[in-house]
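The structure appears right after this line, and notes come after that.
What follows draws every value from the coordinates through simple rules; no lab data is involved. What you see is a predicted model; the values in this text were computed from it and never measured. Reconstructed Cβ throughout: ideal geometry from the backbone, glycine too, with neighbour counts over all protein chains shown.
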Amino acid sequence: MRCPFCQSEDTQVKDSRPAEDGVAIRRRRVCPDCGGRFTTFERVQLRELAVLKKSGRKVPFDRDKLMRSVEIALRKRNVDPDRVERAVSGIVRQLESSGESEVAADEIGRLVMEALKGLDDVAYVRFASVYRNFREARDFHDLLGELKGEEE
């Protein structure tokens, strides 16, 4: 692993432990050249995934981008970071275990909306407003009606 500080390729692992409910390994590393310390995470990747955009373009799946999208929807909401991590890991597992190497961007959005509905209603509405491309207040009203109908 290359040192992020001095770019040396000779770093040493000082500590390893399971992370994210055992689906990742957290490693503390130190660079013998500059003394810099940093953390890396290793995750199992079942297959290489590509995201098929609406435009027809294919881009590599990026777990970090998925996490950022969820975090933006959850900004300033009091949700346990471990629950967020589990939700994102669950989405990734669903995508990888689907058997497909290409997944439509709409499918990822649908899975994120399902996960956010279980985490926080406000984040769900925030994400839906972008995902469904809301254009007027009526769109919010309709979505809130759907939410209210599911609670009854």
Legend entry - Spin-label pair Phe134/Glu100, simplified geometry with 7 Å Cα→Cβ offset, distance in nm: 2.7 nm
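Report the gain in length on full extension from Thr40 to Asp142: 0.36 nm times residue separation, minus Cα-Cα distance, nm rounded to one decimal. Let's see the in-between values first.
Working: separation 102, 0.36 × 102 = 36.72 nm, distance 4.34 nm.
So the extension gain works out to 32.4 nm.
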Inset, instruction - Using 0.36 nm per residue of separation minus the Cα-Cα distance, give me the extension gain between Lys65 and Lys14 in nm, one decimal. - result: 15.5 nm
Inset, instruction - Enumerate the calculated ³J(HN,Hα) couplings along region 92-100 in order (Karplus 6.51 cos²θ - 1.76 cosθ + 1.60, θ = phi - 60°), each rounded to whole Hz, writing x wherever the residue is Gly or Pro. - result: 4, 4, 4, 5, 5, 8, 5, x, 9
Inset, instruction - Would you pull out the residues with amide H under 5 Å of Leu74's amide H, same chain only if 5 or more places away, H placed 1.01 Å from N? - result: none
Inset, instruction - Have a look at Val122, Phe38, Val51 and report the one farthest towards the positive end of the charge dipole of the chain, computed about the Cα centre with Cβ charges (Lys/Arg +1, Asp/Glu -1). - result: Phe38
Inset, instruction - Would you pull out the residues with amide H under 5 Å of Ala24's amide H, same chain only if 5 or more places away, H placed 1.01 Å from N? - result: Ala19
